1. Nearest 20 debye, what's the magnitude of the dipole of the chain about its Cα centre given +1 on Lys and Arg Cβ and -1 on Asp and Glu Cβ?
2. Under a plain spin-label model, where a point goes 7 Å from the Cα along Cα-to-Cβ, how far apart in nm are N250 and L262?
3. Could you tell me what fraction of 2.2 N^0.38 Å the Cα radius of gyration of region 8-53 comes to, as a two-decimal ratio?
4. In µm²/s, what is D for region 20-94 at 37 °C and 0.692 mPa s, where D = kT/(6 pi eta Rh) by Stokes-Einstein and Rh is the Kirkwood radius from Cα pairs?
5. How much net charge surrounds D115 when only other residues with a Cβ under 14 Å from its Cβ are counted (Lys, Arg +1; Asp, Glu -1)?
6. At 25 °C and 0.890 mPa s, what whole-number value in µm²/s does Stokes-Einstein give for the translational diffusion of the chain, with Rh from the Kirkwood sum over Cα pairs?
7. What helices does the chain have that are whole DSSP H segments, at least 27 Å long along their own axis by Cα, and with mean Kyte-Doolittle hydropathy of -1.0 or more?
8. State which entries of K38/K215; K52/K219; K52/K206; K38/K102; K28/K149; K38/K149 exceed 27 angstrom in Cα-Cα distance in the structure shown.
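Here, each number is a calculation from the coordinates, and none is a lab measurement. Just so you know, these numbers come straight off a predicted model, no measurement behind them. Please note: Cβ atoms are built from the backbone with ideal geometry, for glycine as well, and neighbour counts cover all protein chains shown.
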Amino acid sequence: MIQIEIVTIGNEVLVGDVLDTNTNWISKRITGMGGLVKRVVLVRDNLNAISKEIQSAIEQKIDLIITIGGMGPTVDDMTLEAVAQATNRSLELNVKAISFVKKRYEYFASQGYVDSSEITLARKKMGILPRDATPVENPVGAAPAVILKVQNSTIICLPGVPTELKKIFEEPLQPILKTIFGNSVFIERVVIVNCNDESILAPIVKKIFEKNQDKIYIKSRPKNFGSDVKLRVIFSGIGNCQEELENNLNTTLQEFEEELMLAGISIDSTSN
């Protein structure tokens, strides 16, 4: 099972000026690919704070470390410097990265988006990467994404602009992600139960979960109290064999339904 840690960076997120939709979006995509998001952390634009989180994830042998934000030309964009610090690498001008930055600004200038295509010191900063890092094309913005393999971990640094992050993830990053995740799969079933009191359902969920926790994850999700409320129970699994996961899930669902019947509770519906 591929374990992932996400480090989202930016003062604007922590002070509430910007809603962090990136972490939610990418967590769903990673889970759908069969990955296990083990931890998510939000940190300020602080070199040592970012570096500390990356270094900690490497020491824990996390398979994939994804950083979000801090990839631009400004002084508070320090993700790549933090990666270099965490991995004891120097920062170097990367030929492919600076070539990409130049082409993007030439395009932006030709479209009238910027006044000049000149590679200023601020723009050049986006082409300076940790040693041995590889740039990944950004179809929307100027800053390339960056990949670096360190010991047992792969670090992927993504821009924080949502349109850029999504476009990179869905297009140029896909071949790399498929190599990382291989045949990992994720399956999920949502069961709507004719019960409006989670405290009544909880012992049943607990019993089935404890019996199957090494195979299937189970979680009830109430929305609110009410006489007409029906509770949702989520069954999900991650693994390398679709057939095995389906069998485990079906067995768990059958056991859950049997326990519900004993308690006089029926299932309203089941869906993927």
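1. Numbers: 30 positive and 34 negative charges, 114 e Å.
It comes to approximately 540 debye.
2. Using points 7 Å along Cα→Cβ, the separation is 2.3 nm.
3. On the way: Rg = 12.0 Å, N = 46, 2.2 N^0.38 = 9.4 Å.
Against the empirical 2.2 N^0.38 Å value, I get 1.28 for region 8-53.
4. Values: Rh = 13.5 Å.
D, rounded to a whole number, is 244 µm²/s.
5. Working: positive: R123; negative: E106, E118.
Neighbourhood net charge equals -1.
6. On the way: Rh = 20.9 Å.
Answer, rounded: 117 µm²/s.
7. On the way: long enough: 242-262 (30 Å, -0.94).
What comes out of the filter, once short or polar helices are dropped, is 242-262.
8. Working: K38/K215 17 Å; K52/K219 32 Å; K52/K206 36 Å; K38/K102 37 Å; K28/K149 23 Å; K38/K149 19 Å.
Flagged as over cut-off: K52/K219; K52/K206; K38/K102.
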